[in-house]
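The values are calculated or read from the model by the stated rules, or taken from the named source; none is laboratory data. Just so it is clear, the model here is predicted, and its values are computed rather than measured. Don't worry about glycine lacking a Cβ; one is built from the backbone with ideal geometry, like all the others, and counts go over all protein chains shown.
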Amino acid sequence: MAQQYHLKFDGSAAASVDKYLEYRRIVGEDDGGQLFTPEQYEEYKKKVLPMRLKNRLYTSWSSPTGMDCKQIGPETPCFCGHRYKQHKTDFQKLPEERPINLPCRVNGCKCAAYHYVPLNGSQPIRCGCKHYADNHSELFPYRCRKVAPGGATCTCPGFKSSFTCGCGQATYRHETLVETKDEREARGHPVGCDVPYAAMGGLTGFSSLADGYMRLDPSGIGDPYPDGYLFDPIGVDDHPFLRAHANTIRQVEGQRQLQGGGGVPALTNQMEGMKMEGEDDMAYFERRYQERLKAERQRARQPAVRSATTQPRVGLRKTPASGKARGKKP
């Protein structure tokens with residue numbers, strides 16, 4: 001079992017940890033593994049931060065429909081196996097050629113451009129040649145390097161996986177986009193605030209951590225209404241279940257407002273006792289009967305709870321007198 005450490009910090013030590021985390025977010029991998037001195041750190045910030053705020057690049061993994069299925073962040077791995085923060089992301093002048101290539105800066109890595117590849121849970125996905133993504137070269141077109149036991153090399157012309165993304169499209173139909181702020185705004189996607197941190201990629205908010213199909217809208221901007229998207233009236237764009245029971249929900253909400261609230265449990269209990277729209281009498285009574293049977297079974301499974309004020313009754317066993325017959329009375 002690995003040895004575990006339990007560290008305790010006072011207020012000053014916790015402040016030092018926060019400063020180190022701030023340093024690591026700003027510097028990233030630029031210090032080569034050796035901390036900058038305070039003078040070097042200040043000089044680095046004067047040189048890099050204005051350039052980073054002005055020439056930020058937004059990186060995402062986009063589907064054919066234009067939805068960003070994955071927003072690339074500092075820790076997102078590349079096809080070469082290294083993180084996004086280990087690639088070149090800072091430019092004094094934005095490149096004019098497209099697509100923008102972000103080469104890997106790790107010594108010995110031949111990756112010439114950041115290329116995202118999804119995972120199947122925690123495992124790499126397979127190519128059409130049945131070999132994993134990490135068995136392929138990091139250079140385009142990512143040919144397979146797997147060698148058979150007999151010494152023959154796989155004839156795979158390049159990595160191409162049919163793994164299906166959560167959006168319903170195959171992996172090979174997606175592309176890794178590296179775009180400027182103006183290009184991203186032209187696509188109708190959020191750009192967020194200007195931040196001094198290194199290799200932020202496409203992260204613009206908390207909703208950027210979720211996959212594209214799990215967000216409220218394809219752009220990843222999150223809740224588009226400050227008053228609450230989930231509290232808007234039911235319309236034609238809502239789920240069919242909500243539209244089918246729209247009148248019932250409005251009636252229950254109206255009664256709840258007249259009664260001074262009640263919360264979600266009260267709303268649920270009221271809806272259970274009401275006849276749904278389009279429900280006939282027999283279906284309504286059968287549903288209520290099944291709900292009553294379910295409630296009775298739940299009560300029967302619960303252990304009996306004795307009141308704290310109730311004292312247990314204790315009986316006395318009566319022993320028959322010695323020598324007296326136990327038969328019937330005459």
Q) What is the number of the single condition among (1) part of a loop (DSSP other than H, G, I, E, B); (2) over 30 Å from LYS54 (Cα atoms); (3) at pLDDT 85 or above; (4) not charged (D, E, K, R) that GLY235 does not meet? A) (3)
(Q) Let me spell it out: the conditions are (1) among the basic types (Lys, Arg); (2) at positive phi; (3) crowded, with 16+ Cβ neighbours inside 10 Å, and LYS130 meets all of them except one. Which number is the exception? (A) (3)
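Residue by residue through segment 2-13, note down the ones that are loosely packed, with under 10 Cβ neighbours inside 10 Å and in a helix (DSSP H, G or I).
Kept after step one, since they are loosely packed, with under 10 Cβ neighbours inside 10 Å, are these residues of segment 2-13: 2-8, 10-12.
Within segment 2-13, GLY11, SER12 meet the criteria.
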Q: Collect the residues in segment 144-195 that are in contact with a Leu (Cβ under 6 Å, 6 or more places away or on another chain) and hydrophobic (A, V, I, L, M, F, W, C), keeping them in residue-number order.
A: VAL178
(Q) Could you check segment 21-53 and list, in sequence order, the residues that are surrounded by 11 or more Cβ atoms within 10 Å (Cβ to Cβ), within 29 Å of the chain's Cα centre (by Cα) and part of a helix (DSSP H, G or I)? (A) GLU22, TYR23, ARG24, ARG25, ILE26, VAL27, ARG52, LEU53
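Part of a loop (DSSP other than H, G, I, E, B) and modelled with pLDDT of 70 or more: does that describe VAL178? Step through it out loud before you land on a result.
On the way: part of a loop (DSSP other than H, G, I, E, B): no; modelled with pLDDT of 70 or more: yes.
For VAL178, the condition - part of a loop (DSSP other than H, G, I, E, B) and modelled with pLDDT of 70 or more - is not met.
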Q: Go through segment 160-200 and give me each residue that's within 15 Å of LYS54 (Cβ to Cβ) and β-branched (Val, Ile, Thr).
A: THR180, VAL191, VAL195
Q. Can you tell me how many residues in segment 54-96 are touching a strand residue (DSSP E or B) at 6+ places or on another chain (Cβ under 9 Å), of a type in the set (Asp, Glu) and either at positive phi or surrounded by fewer than 19 Cβ atoms within 10 Å (Cβ to Cβ) (or both)?
A. 1
Q: Scan segment 216-224 and give yes if some residue there is aliphatic (A, V, I, L, M), at pLDDT 75 or above, assigned to a loop (DSSP other than H, G, I, E, B) and over 26 Å from LYS54 (Cα atoms), otherwise no.
A: no
**Q.** Selected residue (criterion: surrounded by the most Cβ atoms within 10 Å (Cβ to Cβ)) from residues of segment 159-168 that are touching a strand residue (DSSP E or B) at 6+ places or on another chain (Cβ under 8 Å) and assigned to a loop (DSSP other than H, G, I, E, B)
**A.** PHE159
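Among the residues of segment 78-95, how many are of a type outside the set (Phe, Trp, Tyr), in contact with a helix residue (DSSP H, G or I) (Cβ under 8 Å, 6 or more places away or on another chain) and either closer than 21 Å to THR180 by Cβ or at pLDDT 95 or above (or both)? Break it down into steps so the answer makes sense when it comes.
Of segment 78-95, the ones of a type outside the set (Phe, Trp, Tyr) are 78, 80-83, 85-90, 92-95.
In the following step, the residues that additionally are in contact with a helix residue (DSSP H, G or I) (Cβ under 8 Å, 6 or more places away or on another chain) were identified as 78, 81, 90, 92.
Next, from what is left, pick out any that are either closer than 21 Å to THR180 by Cβ or at pLDDT 95 or above (or both): 78, 90, 92.
So the count comes out to 3.
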Q. Condition test on THR155, is it of a type in the set (Val, Ile, Thr), part of a loop (DSSP other than H, G, I, E, B) and either under 30 Å from MET51 (Cα atoms) or over 21 Å from the mean Cα position of the chain (by Cα) (or both)?
A. yes
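Filter segment 178-198 for residues that are at negative phi and loosely packed, with under 13 Cβ neighbours inside 10 Å and give the result. Break it down into steps so the answer makes sense when it comes.
Step one: list which residues in segment 178-198 are at negative phi, which gives 178-187, 189-191, 193-198.
Those that are at negative phi and loosely packed, with under 13 Cβ neighbours inside 10 Å: ASP182, ALA186, CYS193, ASP194.
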**Q.** Where a residue in segment 201-230 is of a type in the set (Val, Ile, Thr) and its partner, wherever it lies, is part of a loop (DSSP other than H, G, I, E, B) and at pLDDT 55 or above, with Cβ under 8 Å and at least six apart
**A.** THR204/PRO190; THR204/VAL191; THR204/GLY192; THR204/CYS193; ILE221/HIS189; ILE221/PRO190; ILE221/THR204; ILE221/GLY205
Q.
Contact list please: Cβ distance under 6 Å, first residue in segment 106-125 and under 19 Å from PRO74 (Cβ atoms) and modelled with pLDDT of 90 or more, second residue outside any loop (DSSP other than H, G, I, E, B) and not hydroxyl-bearing (Ser, Thr, Tyr), pairs at least six apart or on different chains.
A. VAL106/GLN86; CYS111/CYS104; TYR114/HIS87; TYR116/TRP61; VAL117/ALA133
